[in-house]
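Shown next, in structure tokens, is the structure this report addresses.
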Amino acid sequence: MNQRPIGVFDSGLGGLTAVRQLRRIMPSENIIYFGDTARVPYGNRGRETLLKYARQDLRFLRSFDLKAVVVACGNRDAALLAQDLFMSRQLRIYTSPDITGVEIGAALKNVIALCAGCCDGMGCGDNTKAMLMTRGLTEIARLGVALGARKETFAGLAGVGDLIVTCTSMHSRNRRAGILIGQGRTAQQAMDELGGAVVEGYYAAASAKQMADKAGVEMPITAGAYEVLYREADPRDVLERLMARERRDELEEEQSWI
């Protein structure tokens, strides 16, 4: 185990892209993917690297800053190693073999968080945002399952858990950018107003639309986000079109994940 390389990545589109690149030069089962950011820097030096990060980079956790993350890896021994190194009274680590599901959930929740922020910026109520988050998770899971992910992953920390905090916290760059867009800024103006902070959902929206189109997966909320972010569509018009879509049964078409 000590002689085999291990890649460690945090959540988001950058981690998703990096994992795909790393798979080209090392066995997939040796990649450890952190599904929700725990401030773990990138690295690929195995046990020594993990141990160094465990000692140095989790000091930000305060006594009551309690958190749980998913470690996804095809190699169960590697996942258990990461679990043993990082587990503490402030941080719970859960293991998962579903790298694809954790990747998709971690990256695409940022798109829905942008949309949730737009709802806040437009003055929509709690019910509107709850509807958007729920249906947003449904289409994230729909794409994930089509790409080979396990449906259960999206009911866990890397799915609904990560989505809730990113859509509701004012610490979320994506939600804050969405608020500004909902108030009338363009996507570029919103990102500039955030001081150049990376708004992952902006880039993830383009990637998600490309993957959905290629896989033939329906993702109306993500498609609407793309229209707002890249074609400067009015988010109010997009919301009206979403509400005017053809009626359907909630369960009939969603057996892929619930």
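Residues of the stretch 196-211 being small (G, A, S) and surrounded by fewer than 22 Cβ atoms within 10 Å (Cβ to Cβ), which ones? Talk me through it step by step, then tell me what you get.
In the first step, residues of the stretch 196-211 are kept if they are small (G, A, S); the result is 196-197, 201, 204-208.
Listed by number, the residues that qualify are G196, A197, A206, S207.
Can you say whether A68 is assigned to a helix (DSSP H, G or I), of a type in the set (G, A, S) and not assigned by TED's automatic domain parsing to the domain that holds K209, as far as the supplied structure shows? Spell out how you get there, then give the answer.
Details: assigned to a helix (DSSP H, G or I): no; of a type in the set (G, A, S): yes; not assigned by TED's automatic domain parsing to the domain that holds K209: yes.
So A68 fails the test.
Please work out which residue is farthest from N174 (Cα to Cα), limiting yourself to the stretch 83-113 and to residues that are in a helix (DSSP H, G or I) and touching a Phe, Trp or Tyr at 6+ places or on another chain (Cβ under 7 Å). It would help to see each step written out before you state the result.
Pass one, the stretch 83-113, residues in a helix (DSSP H, G or I): 83-86, 99-113.
Next, only the ones that are touching a Phe, Trp or Tyr at 6+ places or on another chain (Cβ under 7 Å) stay: 99, 101-103, 105.
Values: I99: 23, G101: 21, V102: 19, E103: 17, G105: 15 Å.
Looking at residues that are in a helix (DSSP H, G or I) and touching a Phe, Trp or Tyr at 6+ places or on another chain (Cβ under 7 Å), I get I99.
Tell me the residue from E246, E193 that is exposed (fewer than 15 other Cβ atoms within 10 Å of the Cβ) and touching a residue at least 12 places away in the same chain (Cβ under 8 Å), please. Spell out how you get there, then give the answer.
Values: E246 fails: touching a residue at least 12 places away in the same chain (Cβ under 8 Å).
Selected residue: E193, the only one of E246, E193 that is exposed (fewer than 15 other Cβ atoms within 10 Å of the Cβ) and touching a residue at least 12 places away in the same chain (Cβ under 8 Å).
Please determine, by comparing only the residues of the stretch 217-237 that are under 22 Å from D192 (Cβ atoms) and free of Cβ contacts under 8 Å to residues at least 24 places away in the same chain, which one is surrounded by the fewest Cβ atoms within 10 Å (Cβ to Cβ).
R231
Quick check on my filter: what residues within the stretch 99-135 are of a type in the set (K, R) and surrounded by 24 or more Cβ atoms within 10 Å (Cβ to Cβ)? Write out each step before concluding.
If we filter the stretch 99-135 for residues that are of a type in the set (K, R), which is where we start, we get 109, 129, 135.
Residue satisfying the conditions is K109 alone.
Out of all the residues in the stretch 158-172, which are touching a Ser or Thr at 6+ places or on another chain (Cβ under 9 Å), crowded, with 20+ Cβ neighbours inside 10 Å and outside any loop (DSSP other than H, G, I, E, B)?
Result: A158, G159, D162, T166.
The values are calculated or read from the model by the stated rules, or taken from the named source; none is laboratory data. All values derive from a computational prediction rather than experimental measurement. In this analysis, Cβ positions are derived from the backbone assuming ideal geometry, glycine residues included, and neighbour counts consider all displayed protein chains.
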